[in-house]
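Here's the structure, in structure tokens; my notes come after.
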Amino acid sequence: MHKIFFIVVLLSTSLHSSFAQQRIRVTDDLTREIVLAKPAQRIVSLAPSITEALFAIGAGSQIVGVTDFCDYPAEAKAKSRVGGIINPNIEAIVSVKPDLIVLSMEGNVREDFEKLKSLGVPLFVTNPRDLKGIYRSLDQLGALTGKSTTAMQLIRSLHVRADFVMKKAAQQRPTSLLMIVSLQPIIVVGKNTFLAELISLAGGMNTAVKASSTYPTYSREAVLKDNPDVLIFMSDILANPSDLVALYPEWSRLRAIQLNNVFTINPDIASRPGPRAVEGLEALYELIH
């Protein structure tokens with residue numbers, strides 16, 4: 001009898017240990033450990049880059065809610081809307097009964113984070129600030145959704161494409177460049193930003209790295225002083241580069257304008273830290289060189 005009891009206890013302990021080992025454990029970018037008993041099946045994404053990443057790894061069907069700004073891929077537009085990035089609708093989130101909420105503290109504010117914590121739903125925070133961070137985020141999302149194999153295939157593909165661009169850029173002379181994300185007021189890409197890394201990897205030499213802030217406000221005269229070889233604008237702030245001189249006539253003296261090196265880039269591929277960032281890197285390389 002004692003022997004049978006011992007065997008039952010041993011089997012029970014072994015099964016419990018096996019189940020515990022099968023749990024999904026991921027440490028997010030706030031160094032919080034997220035533990036799931038099984039892959040998430042009802043996910044709320046609170047950033048466009050996260051939504052893109054989930055679709056890219058094959059977890060699109062597991063998304064039940066997205067922000068008002070999640071517009072890619074096209075299938076994302078059919079998902080339930082749960083408010084904005086900085087003002088998510090808590091009631092709407094609760095209504096879709098999520099088993100995982102994924103957010104970025106870069107866009108989502110601390111107050112909203114605390115409200116979301118109170119729901120008792122696992123929260124995963126991802127804040128990729130460079131390509132390495134994007135690869136890590138894709139890997140973690142793959143683990144949380146049961147799509148690790150697809151995620152690793154995507155990561156390898158992105159690595160190959162990014163490495164190809166970087167090798168080509170390394171063979172070119174660095175080109176002085178200023179990227180402008182707002183014209184009124186004039187706001188440029190500074191240092192220690194995701195966009196700054198893409199500029200550097202594509203072979204650009206950011207003239208705004210001397211600024212103390214990540215996205216400094218520039219005067220019209222500061223742009224003249226930098227006098228870059230290339231000017232790049234987000235396409236949502238400047239539809240036609242020829243309109244630039246009409247707005248700021250003195251900029252006609254800029255080397256970039258005289259060389260006809262004024263370009264626009266889709267902000268969705270350039271500024272969203274998700275899987276399309278490598279497409280942004282490729283586009284930047286073509287514009288710079």
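Quick note: the coordinates plus some simple rules give every number you see, no bench work behind them. Owing to the predicted nature of the structure, the values given are computational and were not obtained by experimental measurement. As a convention, Cβ positions derive from the backbone with ideal geometry for all residues, glycine included, and neighbour counts pool all protein chains shown.
Note that region 24-157 carries a Kirkwood radius of 14.4 Å, evaluated over its alpha carbons pair by pair.
Ranked for footprinting exposure by Cβ neighbours inside 10 Å, fewest first, Leu287, Leu141, Leu224 give Leu224, Leu287, Leu141. The 3J(HN,Hα) values that the Karplus relation (6.51, -1.76, 1.60; θ = phi - 60°) gives for region 264-277 are, in residue order, 10, 9, 5, x, 5, 8, 8, 10, 8, x, x, x, 7, 4 Hz. Gly and Pro appear as x. Within region 173-288, the proportion of Cα pairs with more than 24 Å between them is 16 percent.
If the chain linking Arg253 and Gln41 were pulled fully straight, counting 0.36 nm for each residue of separation and taking away their Cα-Cα distance, it would gain 70.7 nm. Using θ = phi - 60° in the Karplus curve 6.51 cos²θ - 1.76 cosθ + 1.60, the 3J(HN,Hα) couplings for region 177-188 round to 8, 10, 9, 10, 9, 8, 9, 9, x, 7, 10, 10 Hz; x is entered for Gly and Pro. Across region 242-250, rounded Karplus estimates of 3J(HN,Hα) from the backbone phi angles (6.51 cos²θ - 1.76 cosθ + 1.60, θ = phi - 60°) give 5, 6, 5, 5, 5, 7, 10, x, 5 Hz, Gly and Pro being marked x. Would you pull out the residues with amide H under 5 Å of Arg42's amide H, same chain only if 5 or more places away, H placed 1.01 Å from N? Close amide H contacts, sequence-distant or interchain: Asp99, Leu100.
Which length gain, in nm to one decimal place, applies between Arg129 and Asn240 when the Cα-Cα distance is subtracted from 0.36 nm times their residue separation?
37.0 nm
Extension gain for Ser176-Val160 works out to 3.2 nm (0.36 nm per residue, less the C-alpha to C-alpha distance). Percent antiparallel among DSSP beta bridges with both residues in region 152-240, to the nearest 5? Of those bridges, close to 40 percent are antiparallel.
Relative protection proxy for 183-193, 226-236, from highest mean packing down: 226-236, 183-193 (other beta-carbon atoms within 10 angstrom).
Under 5 Å from the amide H of Ile186 lie the amide H atoms of Tyr218, each residue being 5 or more positions distant or on a separate chain, with H modelled from the backbone and absent for Pro and chain starts. Would you mind calculating the relative contact order of the chain from Cα pairs under 8 angstrom and at least 6 residues apart, reporting the percent as a whole number? Computed over the chain, the figure is 15 percent.
Under 5 Å from the amide H of Ala47 lie the amide H atoms of Thr67, each residue being 5 or more positions distant or on a separate chain, with H modelled from the backbone and absent for Pro and chain starts. Tell me the mean residue ellipticity at 222 nm calculated for the chain from its helices only (DSSP H runs of n ≥ 4, each -39500 (n - 2.57), averaged over every residue, nearest 500). Result for the chain: -12500 deg cm²/dmol, rounded to the nearest 500. Dividing the mean sequence gap of close Cα pairs (under 8 Å, 6+ apart) by how many residues region 173-288 holds gives a relative contact order of 28 percent. Taking the DSSP beta bridges with both ends in the chain, the antiparallel portion is around 35 percent.
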